[in-house]
Amino acid sequence: MKDPERPMAHSDEGEILAWMDEQLSSLRAAEVEEHVRGCEACSAVLRDLQGAAAALGHGLSAGDRPIPRGSTLAVRRRALRRRLIRPLPAAAVLVLVFATGALAMVPGSPLRSWIAARNHRASASPAVPPTAALVTRLSVVSPDSIDIVVGEPRDTLDVQLVRSAGLRIEVETERAHALERLELGNAQLRIYPGTARRLRIRFPRVDRVRVLLGGRNLLSSASGVQESGPSGEDSITSVRIAPTHAGQERP
Amino acid sequence: MSFESVYERHFAPLFRYVHRWTRDRDAAEDVVQETFVRYLLSTVPESEARPWLFRVASNLLRDDRRRYLRRRRLGLKWASGRTEMPESNEPDRAIETARVGDALRSLEERDRMMLLMREEGCSYHEIAEVVGVAPTSVGTLLARALRRFKEAYEGP
């Protein structure tokens, strides 16, 4: 209940403006109005706000142009064009995919011939690593570890480590799931890089390391022999395994 | 309830709002038409059309204005900040318009947007929805914006 003896506290300018703009509830509006009428300070705030709002309103109105006659027809045409045009790229892609697929099925078509020739070339040249894009770099960081940077982390990678002395090889991998098969003098790893792009494989000094991808020999290094792939950032660079035993390599 | 009724009801205040922001009739017509095209392609109910239209128009004006207007080769008018000359032949009126325009342009975007929406009779709830503030703070923000406008309008 309102105490008539206790005057209402000053309204802030936001509330006075809200009252001016008729944005207050009727109850609150009545309270603010009563207070503003009896309070010189709040009346001054109200006059200031009214003056600024009037200056703004007059200035804006003075620069107004006649409202153009809008046309819903023009809006509808523009919307219709957009409805028609928007699905076009997707439809074009679909048509292209189907057309390419159909063309590849037709015997004797140029596309089919090209695909066949390409497959033949690929199978006839195993020396060219098909996995250059998959394993972008393979390097030796120390005599007993290699780093593999994988371009396509989804692919699995097979690593074979051979030690002629017949000792057990222990292998440690980082940031990758690996299925290891460790035998006497022989270690085979099937690595599932997952989302990891850089793998580090640690092992004791071995005589030979082979890295296979999808059954293809990606790299093999025998003791003391440095083998290099094509140079460049996107290919295997080199690997050197420092031998500790001068034994014979396993076939 | 039809698109025509929404257009009929909101075209004038929306055009005035956009034109007062740009002071470029062609750009204003284009922005307003684009806003209604988006409304037509949307599923916004008529009861929520007004704040939605103001919000889309404001976004076109504010966030996308460079890209949007570059596409329509109107960028120079915006970049230079030139305003149209008032149609009135009364010099006092033209000066008044220019003064108010300069004062408005000196404000921050949010202040300008709120003041222009208030001039179009938008409720504090609608302003809050478009600007993205609490409805209870709109009065205070508007009062501050008005005070800043007055300072810029009256000059040092």
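Assorted remarks:
- Radius of gyration (Cα atoms) of the stretch A:1-107, expressed as a multiple of 2.2 N^0.38 Å: 2.39.
- Peptide-level mean, for B:146-154, of C-beta atoms on other protein chains within 10 Å: 4
- At 0.692 mPa s and 37 °C, Stokes D of the stretch B:92-156 from Kirkwood alpha-carbon radius, µm² per second: 269
- Partner chain coverage, peptide A:64-74 - average Cβ within 10 angstrom: 6
- Ranked for footprinting exposure by Cβ neighbours inside 10 Å, fewest first, A:MET105, B:MET117 give A:MET105, B:MET117.
- Residue mean of other protein chain beta carbons inside 10 Å, B:96-103: 5
Rule-based calculations on the coordinates, nothing more; no lab input. Keep in mind that what you see is a predicted model, and the values were worked out from it rather than measured. Cβ atoms come from the backbone with ideal geometry, glycine included; neighbour counts cover every protein chain shown.
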